[in-house]
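Colleague: The structure that follows is given in the form of structure tokens.
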Amino acid sequence: MGFKVGDTVLVLDEAMTGVVKKIVGTTISIETTDGFYLDYDSSELIKRNPEVSLKKEAFSHASAAAALREKELSAKRKQVKTKPKERFEPTMEVDLHIHQLVKSSRGMSNHDMLTLQLDTAKRQLEYAISKRIQKMVFIHGVGEGVLKIELEYLFSRYSNIKFYDANYQKYGVGATEIYIFQNATTD
């Protein structure tokens, strides 16, 4: 915007008005209504339109209330509504069934499969901690319960994790949900 000496200007981000006294490049010197001389970049100023006067009568409780209602309405339009159930859904699921981890488990011993499942769980858990993901579900299945016990042992080694059975309606009894506390540190 083109400024010239004598223009009345408003300072952005400050409740200050002044008159332009000197212009050097993009630096504009103004005299405030309190008599102070201050320098601003031209991008920090806007020219005040002399036809529009800011009288106290121009603002009323009704106009302020209307502006507040408009602001609240625009804020509501921008919000994305989520269902209450979705707010508490885990953000990450890890299926530890062996057929999800390898193409074929042929030739793998039970120990090899369990080791692969636990390594996958630990890697995914470390990823979630590094990405600040708060909730996860590890789907381990029912079986004999060996994987579930090993997972609980793994989770208990972290001081920033709370674990419990996942939502029964969604996962049945074959899943464990964990909650990761974000401000704690791992062992």
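Colleague: Once both labels are modelled 7 Å past Cα along the beta-carbon direction, what's the ALA66-VAL173 spacing in nm?
Modeller: Computed distance between label sites ALA66 and VAL173 equals 6.6 nm.
Colleague: Another one. Mind checking the full-extension length gain between ASN110 and VAL19? Use 0.36 nm per residue of separation minus the Cα-Cα distance, one decimal, nm. Show your work: numbers first, answer last.
Modeller: Numbers: separation 91, 0.36 × 91 = 32.76 nm, distance 8.28 nm.
Difference between extended and current length: 24.5 nm.
Colleague: Which pairs, out of LYS122/LYS170; LYS131/LYS162; LYS131/LYS170; LYS21/LYS47, put more than 20 Å between their alpha-carbon atoms?
Modeller: Values: LYS122/LYS170 23 Å; LYS131/LYS162 17 Å; LYS131/LYS170 25 Å; LYS21/LYS47 13 Å.
Cα-Cα > 20 Å for LYS122/LYS170; LYS131/LYS170; rest within.
Colleague: Please work out the C-alpha center-to-center distance from the stretch 94-144 to the stretch 8-25 and express it in whole Å.
Modeller: A separation of 63 Å, based on Cα centres.
Here, each number is a calculation from the coordinates, and none is a lab measurement. What you are looking at is a predicted structure, and each value in this text was computed from that prediction instead of being measured. Note that each Cβ is placed from the backbone with ideal geometry, even for glycine, and that neighbours are counted across all protein chains shown.
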